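Input: a single structure, listed below in structure tokens.
The values are calculated or read from the model by the stated rules, or taken from the named source; none is laboratory data. This is a predicted model, so every value here is computed, not measured. Cβ coordinates were reconstructed from backbone atoms using ideal geometry, including for glycine residues, and neighbour counts include every protein chain displayed.
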Amino acid sequence: MKNLNLTDIISPIKEDLSKFNDHFKESLKSKVPLVDLVTKYILKQKGKKIRPTLVLLSAKAAGGINESTFRGATLVELLHTATLVHDDVVDEAEKRRGLPSINAIWKNKVAVLIGDYLLSRGLMISVDGNDFEFLRVTTNTVKRMSEGELLQIGKTKKLDIDEETYFRIISDKTASLLSTCCEIGALSVSEDEQKRIAMRNYGEYLGIAFQIKDDILDYSGRTSIVGKPLGADIKEKKITLPLIHALKEAEESESKRIIKLIKKGFKNGGVKEIINFVKEHNGIEYSYQSAQNYSQKAKDELQIFPDSESKTALLDLVDYVISRNK
């Protein structure tokens with residue numbers, strides 16, 4: 001596997017991404033001083049722009065980038081940013097991308113309203129551009145993301161997540177938005193239903209592989225690389241694929257003991273004990289193989305597209321997701 005980094009992957013759309021940044025900055029403007037102040041602060045919290053990158057690469061691979069593509073990329077980034085702002089309120093987070101969160105500075109009421117504003121701006125951009133198909137796709141995504149989050153909250157309380165439920169949660173919570181990015185990219189430049197479905201499926205499988213790898217890193221990553229301590233998900237009582245598999249493979253009495261340990265909370269090396277339990281019962285290897293399977297499914301969906309720099313970038317992005325250490 002070649003040595004991959006995001007800078008090389010986005011090279012086919014480097015100029016387009018710069019143009020997108022101008023569109024996104026413009027979309028945040030408001031005549032209300034407080035809104036303008038907060039949105040300017042949001043622009044300082046620079047992320048990797050994975051979602052607009054997916055829209056642009058998908059569009060370029062499916063035919064070529066146009067103004068509709070930029071509106072679609074702006075829509076998904078506004079939606080993503082809105083969910084991050086709302087998530088920080090729900091999680092009572094004080095930091096976002098190394099800076100104080102919106103709720104930490106302006107408190108929860110302003111943060112919730114700013115999240116609403118960002119979502120409404122995305123919807124209005126699509127209405128004004130007559131991109132009504134974007135709205136249909138995005139509305140379903142918001143529904144899926146909400147359902148996935150609520151399903152996880154309900155299951156976390158009972159600690160009874162099985163493999164089927166896990167995949168439903170990560171498909172709705174994480175993969176749905178990446179799937180939407182790729183579908184909107186194809187929609188913006190082509191009326192070919194086959195291309196649209198292929199890109200939608202590519203994004204879905206990519207998102208699932210991404211989340212599985214994220215969950216693996218909670219057990220096997222290095223704190224300094226991942227940016228959060230090992231076992232952070234365990235401490236939050238999130239049951240993910242490595243642990244689900246280990247619980248299934250272990251003796252029933254041992255699995256019950258581990259579940260009891262999670263329910264009680266963590267003291268005196270409890271997290272390390274659970275990490276060792278997962279490793280002993282091949283939870284990490286099993287999860288990695290599952291991530292590889294979804295990666296291959298994502299790549300297979302791209303076969304209908306002609307060879308191009310953008311298609312290669314989408315293929316490389318799959319490998320990057322699997323090989324990353326953070």
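In summary, helices (runs of 4 or more DSSP H) completely within the stretch 183-236 and bearing 3 or more residues that are at pLDDT 95 or above and of a type in the set (A, V, I, L, M) occur at 193-220. When 295, 253, 290 are screened for being among the polar types (S, T, N, Q) and more than 30 Å from residue 56 (Cβ to Cβ), only 253 passes.
The number of residues in the stretch 122-143 that are touching a residue at least 12 places away in the same chain (Cβ under 8 Å) and charged (D, E, K, R) comes to 2. Mind counting the residues in the stretch 173-194 that are of a type in the set (D, E, K, R) and crowded, with 22+ Cβ neighbours inside 10 Å? Counting residues in the stretch 173-194 that are of a type in the set (D, E, K, R) and crowded, with 22+ Cβ neighbours inside 10 Å gives 1.
Going through (1) surrounded by fewer than 19 Cβ atoms within 10 Å (Cβ to Cβ); (2) touching a residue at least 12 places away in the same chain (Cβ under 8 Å); (3) farther than 28 Å from residue 325 by Cβ; (4) of a type in the set (D, E, K, R) one by one, residue 48 falls short only on (3). Exactly one residue out of 99, 113, 119, 150 is free of Cβ contacts under 8 Å to residues at least 12 places away in the same chain, closer than 25 Å to residue 41 by Cβ and not acidic (Asp, Glu): that is 113.
With the structure loaded, tell me whether residue 247 is of a type outside the set (S, T, N, Q), closer than 22 Å to residue 91 by Cβ, at pLDDT 90 or above and out of contact with any Lys or Arg (no Cβ under 6 Å at 6 or more places or on another chain) or whether it fails that test. No: the conditions fail for residue 247. Of the residues making up the stretch 26-39, those that are surrounded by 13 or more Cβ atoms within 10 Å (Cβ to Cβ), farther than 30 Å from residue 317 by Cα and in contact (Cβ under 8 Å) with a residue 12 or more places away in the chain are 30, 35, 38. Remark: residue 22 falls outside the filter, which requires a residue to be farther than 25 Å from residue 180 by Cα, surrounded by fewer than 20 Cβ atoms within 10 Å (Cβ to Cβ) and among the acidic types (Asp, Glu). Only one entry of 325, 276 meets the criterion of being of a type outside the set (A, V, I, L, M, F, W, C), surrounded by fewer than 19 Cβ atoms within 10 Å (Cβ to Cβ), within 16 Å of residue 215 (Cα to Cα) and more than 26 Å from the chain's Cα centre (by Cα), and that entry is 276. Residue 277 falls short on exactly one of the conditions (1) assigned to a helix (DSSP H, G or I); (2) under 30 Å from residue 183 (Cα atoms); (3) touching a residue at least 24 places away in the same chain (Cβ under 8 Å), and that condition is (2). Against the definition (of a type outside the set (S, T, N, Q), crowded, with 21+ Cβ neighbours inside 10 Å and touching an Asp or Glu at 6+ places or on another chain (Cβ under 8 Å)), how does residue 151 come out, yes or no? Criteria not met by residue 151. Here residue 81 meets each of (1) surrounded by fewer than 19 Cβ atoms within 10 Å (Cβ to Cβ); (2) over 24 Å from residue 196 (Cβ atoms) with one exception, condition (1).
Here's a check for you: in the stretch 85-132, which residue that is of a type in the set (S, T, N, Q) and surrounded by 13 or more Cβ atoms within 10 Å (Cβ to Cβ) is farthest from residue 23 (Cα to Cα)? The qualifying residue farthest from residue 23 (Cα to Cα) is 108.
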